[in-house]
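Novice: One structure coming up, written as structure tokens, with questions to follow.
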Amino acid sequence: MSTFPNRRLRRLRKSEKIRELVQETRLSTKDFICPVFVQEDLKKSVKIDSMPDIERFPLDGINDEVDRIIDLGIPAIMLFGLPSSKDDVGSAAFDENGIVQKAITQIRKNFGDKIAIMADVCLCQYTKSGHCGIIKDNKIDNDSSIETLAKIAVSQAKAGVDVVSPSAMMDGQVITIRRGLDDAGFSDVAIMSHSAKHRSSFYSPFRDAAECAPQFGDRKTYQIPFSNAREAMREVEMDVNEGVDIVMIKPALAYLDIIAETKKRFNVPISAYSVSGEYALVKGAAKQGWIQENDVITEILYSIKRAGADMIVTYFAKSGAKILNE
Ligand code: PBG
């Protein structure tokens, strides 16, 4: 016996075509930003144990990798550099002949505008301390750090970067970088800030990949505690007020609530960073045969879009694109 009206949500699930029509979230290769690790003085590419299928490339291995990324229909890369030498102030990060600056120049020369070039702006790969800022009196000093971040951004802009992506979680990093870029004549270079970057244990595979683990202490004095959502909104709000172009929420999967809340509150493009630990969990379980890798990758990427992300920085960019292109 049915009651009137006869409510049946299954009507819209009955065939593939009808399901396609009512599909609320769409995932495309155009949503992806592919991280690329480039290492100075490397002879040939090296695999990263904790991140299966991800490699660090030497400068001359970058072209082939970018070629593959473009072929898959992915619109952007995010460059991370590993310098040969580190010092107290992270000089290699703003060296005009630094590894990232060289990579940007080379990619721009070879590929023009076929790929959007984004680059990480941080100090932890470049400082002896492995911290994201400069140390003064045994503390991570905010204001000298943001000045250095602006220098890094300008050096990348000179090399031809499209988007700089500060990940240091220093206060005022966006406005200081914006001023630095504008003063140097790069008002067209956009800023995608790691606005709400939480202090997360999901970053550890990345620290193997980028050799940037803190040599003392941890990142609790600058990254957001994972218990705090309101504080994450304050970070986003600050960046929006400082003129950020794209805000980033990081990590993604354990922080879908933060993505959804940002979408509700702000009129700004949202990027989500599905981090190394999220990648490693899937790869590890798939290797054991415990999950269907491609299905889980697809579901995770959809969930990040469904939560409200416009774009996703993900180590699944290439594999996700292959799945979508099939
Ligand atoms: C550091 C940085 C980190 C990541 C991106 N930039 C690590 C950290 O904060 O310790 C993590 C990315 C990932 O795990 O994939 N500036």
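Novice: Residues of the range 69-96 with amide nitrogen under 16 Å from the 7 Å Cα-to-Cβ point of K158?
Specialist: In the range 69-96, the label zone of K158 (backbone N under 16 Å from the point 7 Å along Cα→Cβ) covers 91-96.
Novice: Taking the alpha-carbon distance from K86 and a cut-off under 17 Å, which aspartates and glutamates remain once sequence neighbours fewer than 8 residues away in the same chain are dropped?
Specialist: E40, D41, D95, E96, D120, D208, E211
Novice: Further question on the same structure: In whole angstrom, how long is each semi-axis of the equivalent ellipsoid of the range 27-325, when you take the square root of 5 times every eigenvalue of its Cα gyration tensor and sort them from largest down?
Specialist: The three semi-axes for the range 27-325 are 26, 23, 20 Å.
Novice: Helix 293-307 against the longest principal axis of the chain: what's the angle in degrees, Cα atoms only, rounded to the nearest 10?
Specialist: It is inclined by approximately 80 degrees.
Novice: For the peptides 40-53, 12-25, 158-171, what is the packing order when you average, over each peptide's residues, the other Cβ atoms within 10 Å and list the highest mean first?
Specialist: 158-171, 40-53, 12-25
Novice: How charged is the neighbourhood of D64? Take every other residue with its Cβ under 12 Å from the Cβ of D64, and add Lys/Arg as +1 and Asp/Glu as -1.
Specialist: Taking every other residue near D64 into account, the sum is -3.
Novice: Moving on to the next point. Relative to the longest principal Cα axis of the chain, at what angle does helix 142-159 sit, 0 to 90 degrees, rounded to 10?
Specialist: The angle comes out near 80 degrees.
Novice: Cross-link candidates for K17: which lysines have Cα within less than 17 Å, leaving aside residues fewer than 8 places away along the same chain?
Specialist: none
Novice: Over the chain, what is the percentage of antiparallel beta bridges among all DSSP beta bridges, to the nearest 5?
Specialist: 15
Novice: List the chymotrypsin sites (Phe, Trp or Tyr not before Pro) in the range 276-326 that DSSP assigns to loop (not H, G, I, E or B) and whose Cβ has at most 16 other Cβ atoms within 10 Å. Which are they?
Specialist: W290
Novice: Distance from the Cα centre of the range 159-209 to that of the range 32-80, in angstrom?
Specialist: So the two Cα centres are separated by 20 Å.
Novice: Let me ask something else. Size of the dipole of the chain about the Cα centre, Lys and Arg at +1 and Asp and Glu at -1 on the beta carbon, nothing else charged, in debye to 20?
Specialist: For the chain, the charge dipole is close to 1540 debye.
Novice: When ligands, DNA and RNA are left out and all protein chains stay put, how many square angstrom of accessible area per residue does the range 174-288 have with a 1.4 Å probe?
Specialist: Ligands and nucleic acids excluded, the figure is 45 Å² per residue.
Novice: Any idea how far apart A213 and D41 come out in nm if each label point goes 7 Å out from Cα toward Cβ?
Specialist: Each label point lies 7 Å from its Cα, and together they span 2.2 nm.
Novice: Got a sec? What order do L181, L253, L9, L59 fall in by accessible area at 1.4 Å, biggest, i.e. largest, first?
Specialist: My answer, sorted largest first, is L9, L253, L59, L181.
Novice: Hey, what number do you get for the chain at 222 nm if only DSSP H runs of n ≥ 4 count, each worth -39500 (n - 2.57), divided across all residues, to the nearest 500?
Specialist: Value at 222 nm, helices only: -12000 deg cm²/dmol.
Novice: Put a dot 7 Å past each Cα toward the Cβ at I291 and S144; how far apart are the dots in nm?
Specialist: With each label placed 7 Å out from Cα toward Cβ, I get 4.3 nm.
Novice: Follow-up. Quick one: the Cα spread of the range 1-129 along its three principal axes, in angstroms, biggest first?
Specialist: Projected onto the principal axes, the Cα atoms of the range 1-129 cover 76, 34, 25 Å.
Novice: Suppose we keep just the alpha-carbon trace of the range 156-200; what are its Rg and Dmax in angstrom?
Specialist: Over the range 156-200's Cα set, Rg and Dmax evaluate to 11.1, 36 Å.
Novice: Accessible area per residue, 1.4 Å probe, Å², for the range 79-134: what's the number?
Specialist: With all protein chains present, the range 79-134 gives 36 Å² per residue.
Novice: Something else about it: Of the accessible area of the chain, with the probe set at 1.4 angstrom, what percent is carbon plus sulfur?
Specialist: Answer for the chain is 48 percent, counting heavy atoms of protein chains only.
Novice: How much accessible area does V189 have with a 1.4 Å probe, in Å² rounded to the nearest 10?
Specialist: Roll a 1.4 Å probe over it and V189 shows about 10 Å².
Novice: I want the antiparallel fraction of DSSP beta bridges within the range 1-101, as a percent rounded to 5.
Specialist: Bridges in the range 1-101 are about 20 percent antiparallel.
Novice: Let me ask you something else. Using Cα atoms only, what is the angle between the long axis of helix 276-288 and the major principal axis of the chain, expressed in degrees (0 to 90) to the nearest 10?
Specialist: 50
The values are calculated or read from the model by the stated rules, or taken from the named source; none is laboratory data. Quick caveat, the model's predicted, so the values are computed rather than measured. Glycine also receives a Cβ, built like all others from the backbone with ideal geometry; neighbour counts cover every protein chain displayed. Only protein heavy atoms, including side chains, enter the accessible area calculation; ligands, DNA and RNA are left aside. Shrake-Rupley method; radii C 1.70, N 1.55, O 1.52, S 1.80 Å.
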